[in-house]
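The values are calculated or read from the model by the stated rules, or taken from the named source; none is laboratory data. Please read all numbers here as calculations on a predicted model, not as lab measurements. Glycine also receives a Cβ, built like all others from the backbone with ideal geometry; neighbour counts cover every protein chain displayed.
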Amino acid sequence: VPRPREEGLAERLVTAERTEVILALCEWLDQLRHLRNWAPAEMVAEGQRLTREVYLPVAERAHAGLARRLRWWMRRVDPGLSASS
């Protein structure tokens with residue numbers, strides 16, 4: 001399963017088998033749910049960036065339910081993201 005800091009993450013995710021993509025998205029979502037509670041602000045910001053630039057676009061292609069959950073998380077955590085996204 002591609003890891004968040006892996007080089008070529010987006011490419012690895014979009015070319016992976018569907019089950020691998022879903023597993024990576026689920027794992028990332030689980031990490032995001034806890035990140036805000038223990039991580040320093042710069043790590044939370046990096047999580048937001050990765051979600052916005054990589055994981056959410058991949059989820060939009062791979063799994064509507066996970067995409068919806070990631071959008072919900074971004075609306076709650078990233079005030080710069082429109083609530084209509």
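Quick check on my filter: what residues within the range 1-37 are closer than 13 Å to residue 51 by Cβ and among the hydrophobic types (A, V, I, L, M, F, W, C)?
9, 10, 13, 24, 25, 28, 29, 32, 35
Among the residues of the range 42-68, which ones are buried (at least 16 other Cβ atoms within 10 Å of the Cβ) and closer than 14 Å to residue 32 by Cα?
44, 47, 48, 50, 51, 52, 54, 55, 56, 66, 67
For the range 48-81, name all the residues that are out of contact with any Phe, Trp or Tyr (no Cβ under 7 Å at 6 or more places or on another chain), in a helix (DSSP H, G or I) and in contact (Cβ under 8 Å) with a residue 40 or more places away in the chain.
Within the range 48-81, 50, 53, 54, 57, 58, 61, 62, 66, 69, 73, 77 qualify.
Kindly evaluate residue 36 against the criterion of being surrounded by 12 or more Cβ atoms within 10 Å (Cβ to Cβ) and either touching a Gly at 6+ places or on another chain (Cβ under 6 Å) or in contact (Cβ under 8 Å) with a residue 40 or more places away in the chain (or both).
So residue 36 passes the test.
When residues of the range 1-24 are filtered for being farther than 20 Å from residue 68 by Cα, modelled with pLDDT under 90 and either of a type in the set (Val, Ile, Thr) or surrounded by 15 or more Cβ atoms within 10 Å (Cβ to Cβ) (or both), how many remain?
Residues that pass the stated criteria total 2.
From the set of residues in the range 27-60 that are of a type in the set (A, V, I, L, M, F, W, C) and within 9 Å of the chain's Cα centre (by Cα), which is modelled with the lowest pLDDT?
Only one residue fits best here, namely 32.
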